[in-house]
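Novice: Please find one structure pasted underneath; my questions will follow.
The values are calculated or read from the model by the stated rules, or taken from the named source; none is laboratory data. As the structure is a computational prediction, the values presented were derived from the model and not from experiment. Virtual Cβ from ideal backbone geometry, glycine too; neighbours counted across all protein chains shown.
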Amino acid sequence: MRRVIRWLPRTAARADQGAKGRIMRRGEAGWAGYRQEMQRVVELLRRPEGAREARAILDRLLRLAPNDPDVLQLMGLAMRRLGDDAAALDWYRRSLERQPRQPHVFFNLGNTLDALGRHAEAAEAYREAWRLQPNDHRAALALADSLLAAGRYEEAHETFTQLTARYPKTVAVWIGLARALRRLERHEEAAEALERALALDPDSFKAHYYRGALLRDTGRADEAVEVFARCLSIDDRRPEVWYNYANALVEAGRPEDAIEAYRQAIRLRPLYRDAHDSLNRLLWQLERGDEFLESYRVTISGSRAQADPVFHLEYAHKLMLAGRHDEAREVLDAALARHPGIAALHAERGRVEDEAGRHEEAREWHERAIALDPRPLAYHLQLAWSLLAARQAEEAEHVLMREYRRGFEDQNLHGLLGLAWRLLEDPREHELFDYERFVRRFEIPLPEGYRDLGHFNRELAEHLTRLHRTQAHPIDQTLRGGTQTAGALFKRSDPIIQAVRGSIEACIARHVAALPDIAGHPLCSRKSDRFRFSGSWSVRLKDRGFHVSHVHPAGWISSAYYVQLPECVRPDDPDRQGWIEFGQPDPPMPRLAQAPRAECPSVGTLVLFPSYMWHGTRPFHDDRTRMTIAFDVLPA
């Protein structure tokens, strides 16, 4: 568990009076025995293998004292040790109903909620633990950590700031403040907070670790490599450090060293899914097909991997993306034979059939997934896609509207709903997409210090070229015949990157201000004068390169800024080579053969559009590259 569990035995004071009376009627020996049993439970729960025996003792004690808050919370601890977090939550809450003033139980409740990914609820539990025990900075640290995990960065920053005033010599507090500042992209202040932590403890592993992460964020990959190497010199048995070391090596242009670092992370943690994912993405982009997915194949034969359906799912997903549909089916069928009740495996099996163009078969798999677990929106969206591809627009619209009425706000949902309406000739499609109002192009303001945009973009293209260090497109991205930069481009501290970011931000502000006020509209109802980037990258397409049509699930407003274009991209080209097209899905749906809107790119222009709007590009034939910067924006 992430934090130390604390329990202060005060059974005699807390046992409900009825239970205490029943026990006391057995005499002092009965009461002493009860207390000894409780102490035995505490000792057992300190041992990794003691939870089952502890639970058996607690079952007996509950028959004697069913309302004793200590027995109830200890049962919660036992259930956590046994891997049943949902049951643990129930026991903790029952304990708190009997005795609300238990800071340690609120703390353990927060731990369990965090483990379940319910970080906002965990934060409230920690907040109550801190209120009840205000001198315990561990509860406050846990509160701030959960706020960070919940994406409530400003609140986390405020909490950590309070703690630095109260505990200025506590290293963890300064590290936490740095993490919050990093999330707020206040990188210089984050670096200062880490310097304060390292001044208190020059050998602090966590301070060095987060300094490495901060250096990566700001594009200082070479320095990040050195810092992560120092972390490994302190402790080389932590797979997450090897993983982040590998990420920094990729960004520093050292792919061979990165491959070995990813493999070392996997050796230390064979089911480290992020490391398998990043290793194989890199191998794909380096066009090393003989090694691609080998780490999955070797690991999947182990007994632990057999018991992990998510590992099989991720392996099958990579096979599907690589077009190896038969192998993906084999992996999923083997996993389904062992885990027939896992809805995600059925859903992925359907995706394989969709990718292979077998939409009727896909529909059956998606319906099975929904029958097993109707909650995930993704299952319903994939079913709707199968129905649309099979020319069953009315059924697809019914599925999508049902999810829309459930309150989901999702870019994929809106994109598919717009396609269904277009196929059904429903006027709501125009209200949603309105290409004339919602697709806009801007010439960016000239950054300070440059004589003209041509000069600026030539220098920008040279800089971006140095960041394109692979040979092929990322396996799960939409570009074909090109490369994409690693990491968040706009977080880099390079002056020219920050210059283009500043000019782009000015255009975004103008675009948002000009959006009409339409209540309930997925684009316009989210208008805000504050926004943030949820992703940013550069794409370089080569001869015959293009983008498959797609939407951006993680955005609100998406983009293309044109840095460099081949000569064949021109307004009078009847083939629209290199143009960006809107409203045409991939593969094309029946009756959607013509894209309703297309834009001819020009260097120095920025095109902004809703993230739910389908968009892709036409292939081009030219020796020169087509280089862009793309990003997603969210309201702050």
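Novice: Does ASP84 fit the bill of being modelled with pLDDT of 90 or more, closer than 24 Å to PHE107 by Cβ and of a type in the set (Asp, Glu)?
Specialist: yes
Novice: Only residues that are surrounded by fewer than 19 Cβ atoms within 10 Å (Cβ to Cβ) and over 24 Å from the mean Cα position of the chain (by Cα): list them for the range 484-498, please.
Specialist: ASP494, PRO495, ILE496, GLN498 - these are the residues of the range 484-498 that are surrounded by fewer than 19 Cβ atoms within 10 Å (Cβ to Cβ) and over 24 Å from the mean Cα position of the chain (by Cα).
Yes/no matrix, rows are residues, columns are (1) under 19 Å from MET613 (Cα atoms); (2) of a type outside the set (Ser, Thr, Tyr):
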{"position": "THR478", "(1), (2)": "yes, no"}
{"position": "PHE490", "(1), (2)": "no, yes"}
{"position": "ILE496", "(1), (2)": "no, yes"}
{"position": "PRO522", "(1), (2)": "yes, yes"}
{"position": "ALA554", "(1), (2)": "yes, yes"}
{"position": "LEU565", "(1), (2)": "no, yes"}
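Novice: Continuing with this model, one more query. If you check ALA337 against the conditions, is it surrounded by 16 or more Cβ atoms within 10 Å (Cβ to Cβ) and free of Cβ contacts under 8 Å to residues at least 60 places away in the same chain?
Specialist: Considered against the rule, which asks whether it is surrounded by 16 or more Cβ atoms within 10 Å (Cβ to Cβ) and free of Cβ contacts under 8 Å to residues at least 60 places away in the same chain, ALA337 comes out as no.
Novice: Next question, about the same structure. For the condition among the polar types (S, T, N, Q), farther than 29 Å from ALA199 by Cβ and in contact with a helix residue (DSSP H, G or I) (Cβ under 7 Å, 6 or more places away or on another chain), what is the one hit in THR161, THR112?
Specialist: THR112
Novice: Taking interchain pairs and intrachain pairs at least six residues apart, which have beta carbon atoms under 6 angstrom, with the first residue in the range 369-392 and outside the structural domain of ASP410 (by TED's automatic domain parsing) and the second of a type in the set (Phe, Trp, Tyr) and surrounded by 16 or more Cβ atoms within 10 Å (Cβ to Cβ)?
Specialist: Pairs found: ALA369/TYR379; ILE370/TYR379.
Novice: Looking at the structure I just gave you, is LEU215 assigned to a helix (DSSP H, G or I), touching a residue at least 12 places away in the same chain (Cβ under 8 Å) and under 19 Å from LEU147 (Cα atoms)?
Specialist: No, not satisfied.
Novice: Only one of ARG267, ARG281 is within 21 Å of ARG480 (Cα to Cα), of a type in the set (Lys, Arg), in contact with a Pro (Cβ under 9 Å, 6 or more places away or on another chain) and part of a helix (DSSP H, G or I); which?
Specialist: Checking each option against the conditions leaves just ARG281.
Novice: From GLY454, GLY481, which residue is assigned by TED's automatic domain parsing to the domain that holds GLY555, surrounded by fewer than 18 Cβ atoms within 10 Å (Cβ to Cβ), under 27 Å from the mean Cα position of the chain (by Cα) and not in a loop (DSSP other than H, G, I, E, B)?
Specialist: Result of the check over GLY454, GLY481: GLY481.
Novice: Still on this model: Scan (1) touching a residue at least 40 places away in the same chain (Cβ under 8 Å); (2) hydrophobic (A, V, I, L, M, F, W, C); (3) crowded, with 19+ Cβ neighbours inside 10 Å for the single condition ILE580 breaks and write down its number.
Specialist: Here ILE580 meets the rest and fails (1).
Novice: Continuing with the same structure: Which of the numbered conditions does LEU147 fail, given that it passes all the others? Conditions: (1) surrounded by fewer than 17 Cβ atoms within 10 Å (Cβ to Cβ); (2) among the aliphatic types (A, V, I, L, M); (3) in contact with an Asp or Glu (Cβ under 7 Å, 6 or more places away or on another chain); (4) farther than 25 Å from ARG47 by Cα.
Specialist: (1)
Novice: All but one of (1) assigned to a helix (DSSP H, G or I); (2) surrounded by fewer than 18 Cβ atoms within 10 Å (Cβ to Cβ) hold for LEU249; which doesn't?
Specialist: (2)
Novice: Among the residues of the range 197-210, is there at least one that is under 23 Å from LEU109 (Cβ atoms) and among the hydrophobic types (A, V, I, L, M, F, W, C)?
Specialist: There is no residue in the range 197-210 that is under 23 Å from LEU109 (Cβ atoms) and among the hydrophobic types (A, V, I, L, M, F, W, C).
Novice: Here is a follow-up. Kindly establish whether LEU460 is within 28 Å of the chain's Cα centre (by Cα) and of a type in the set (A, V, I, L, M).
Specialist: No; evaluated as a whole, the condition is false for this residue.
Per-residue answers, yes or no, for (1) closer than 15 Å to VAL539 by Cα; (2) of a type in the set (S, T, N, Q):
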residue	(1), (2)
ILE557	no, no
GLY583	no, no
SER611	no, yes
ARG624	yes, no
ILE629	yes, no
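Novice: Scan the range 384-399 and tell me whether some residue there is under 30 Å from ALA356 (Cβ atoms), acidic (Asp, Glu) and not in a helix (DSSP H, G or I).
Specialist: Looking for residues that are under 30 Å from ALA356 (Cβ atoms), acidic (Asp, Glu) and not in a helix (DSSP H, G or I), one finds none in the range 384-399, hence no.
Novice: When you check ARG501 against the structure, is it at pLDDT 95 or above and touching a Phe, Trp or Tyr at 6+ places or on another chain (Cβ under 6 Å), yes or no?
Specialist: Criteria met by ARG501.
Novice: If you don't mind, another one. Out of the residues in the range 618-636 that are of a type in the set (Val, Ile, Thr) and within 27 Å of the chain's Cα centre (by Cα), which is farthest from GLU505 (Cα to Cα)?
Specialist: Among those residues, the one meeting the criterion is THR628.
Novice: Another question, then. Scan the range 545-553 and give yes if some residue there is buried (at least 21 other Cβ atoms within 10 Å of the Cβ), without any contact (Cβ under 8 Å) to a residue 40 or more places away in the chain and not in a loop (DSSP other than H, G, I, E, B), otherwise no.
Specialist: Checking the range 545-553: not a single residue is buried (at least 21 other Cβ atoms within 10 Å of the Cβ), without any contact (Cβ under 8 Å) to a residue 40 or more places away in the chain and not in a loop (DSSP other than H, G, I, E, B).
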